[in-house]
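Nothing in this text is a laboratory measurement; each read-out follows from the coordinates by a stated rule. Note that the structure is a prediction, hence the values are computed from the model and not measured. No Cβ is skipped: glycine too gets one built from the backbone with ideal geometry, and neighbour counts run over all protein chains shown.
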Ligand SMILES: Cc1cc2nc3c(=O)[nH]c(=O)nc-3n(C[C@H](O)[C@H](O)[C@H](O)COP(=O)(O)O)c2cc1C
């Protein structure tokens, strides 16, 4: 979980509890990612993964991006800051990939796109298991062709960014986890990791019974002791003022599920421009956080956000596994 929630402490706690935690490679300088990997390795012999964002392309809606950025200026001023430069970047993807090849972690997962098969094969040759996040049966077929060892199926209930291969708005792009799992399971023999809206031991048992090999949860860990989510974000997840989630491009220019707050409501028409919008809104989000204003922060969360508990990651894992462990 890029952006703060995933910490080495969370990944170490997961490994020590028999689960598989992922360090976030996204939004992080390659050296910082390497330092986090070193910290996990020095603290636990357990397995862990590292997640990378596959870069897309610069926006195809430059006029809409400029117009959107202009609408943010007053709000930024009110927060005592300025809108960030709406720059495209590739999140240092090649440098991170190189680093992972040089010091291969047990698992690498990709999101926001399909890595090329050369990258997949190079990681596999280095001894790394490769997972690719998919959100539709078509993406699952492409990930299979790219040579993935396993697929992470992300249903539309999931918190934060949709892991879709493109940032377009298309018909039938938001598959609930149950139907995505049923559809992909029918045509794919790879191990499947099911993600999206899971919160209870029953949810976990249900996806395993439906053919998933593993269940993946994000939102359930946002409030845990080891989560690096900001205290305001943790509080919002349990605050009755925030009672629902919605998919929005308001914060980043890429579709993401977030708690519904004023910023999301005020910016319904944000363009498909990632990470340009993310870079533009960063100073606003930081200033809102500094001012204690959760209504203007990105509060990414899945549909099961009310199940997120304030306790240790080990306790959450123990509870979630209680329905499936012998
Ligand atoms: C705050 C937050 C940040 C996330 N960041 C990433 C990320 O960097 N990379 C990724 O592949 N998935 C990311 N995810 C998605 C999770 O990997 C997973 O698909 C999702 O959390 C599952 O749905 P759930 O949140 O309902 O449990 C994030 C999820 C959340 C809630």
May I ask you to list the residues in the range 115-125 that are surrounded by fewer than 20 Cβ atoms within 10 Å (Cβ to Cβ) and outside any helix (DSSP H, G or I)? 116
Among the residues that make up the range 308-320, is at least one of them closer than 15 Å to residue 234 by Cα, touching a strand residue (DSSP E or B) at 6+ places or on another chain (Cβ under 7 Å) and surrounded by 24 or more Cβ atoms within 10 Å (Cβ to Cβ)? no
Look at residue 10 and say whether it is farther than 30 Å from residue 266 by Cα, in contact with a helix residue (DSSP H, G or I) (Cβ under 9 Å, 6 or more places away or on another chain), crowded, with 20+ Cβ neighbours inside 10 Å and touching a residue at least 60 places away in the same chain (Cβ under 8 Å). yes
Which condition number does residue 181 fail, the rest of (1) surrounded by fewer than 17 Cβ atoms within 10 Å (Cβ to Cβ); (2) in contact with a helix residue (DSSP H, G or I) (Cβ under 9 Å, 6 or more places away or on another chain); (3) under 21 Å from residue 219 (Cα atoms) being met? (1)
Tell me, please, whether a residue that is surrounded by 20 or more Cβ atoms within 10 Å (Cβ to Cβ) and out of contact with any helix residue (DSSP H, G or I) (no Cβ under 9 Å at 6 or more places or on another chain) can be found in the range 207-220. yes
Total residues in the range 199-212, condition within 15 Å of the ligand (Cβ to nearest atom) and part of a loop (DSSP other than H, G, I, E, B): 3
Under 9 Å between Cβ atoms, at least 6 apart or on separate chains: pull out the pairs that start in the range 136-164 with a residue that is in contact (Cβ under 8 Å) with a residue 12 or more places away in the chain and within 15 Å of residue 121 (Cβ to Cβ) and end on any residue that is near the ligand (Cβ under 9 Å from one of its atoms) and outside any strand (DSSP E or B). none
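Kindly evaluate residue 123 against the criterion of being out of contact with any helix residue (DSSP H, G or I) (no Cβ under 6 Å at 6 or more places or on another chain) and touching a residue at least 40 places away in the same chain (Cβ under 8 Å). Before you say what the answer is, go through the steps one by one.
On the way: out of contact with any helix residue (DSSP H, G or I) (no Cβ under 6 Å at 6 or more places or on another chain): yes; touching a residue at least 40 places away in the same chain (Cβ under 8 Å): no.
So residue 123 does not fit the description; no.
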Restricting to the range 13-51, give me the number of residues that are touching a residue at least 60 places away in the same chain (Cβ under 8 Å) and away from the ligand (no atom under 14 Å from the Cβ). 9
Residue within the range 174-191 that is touching a residue at least 12 places away in the same chain (Cβ under 8 Å) and within 14 Å of the chain's Cα centre (by Cα) present: no
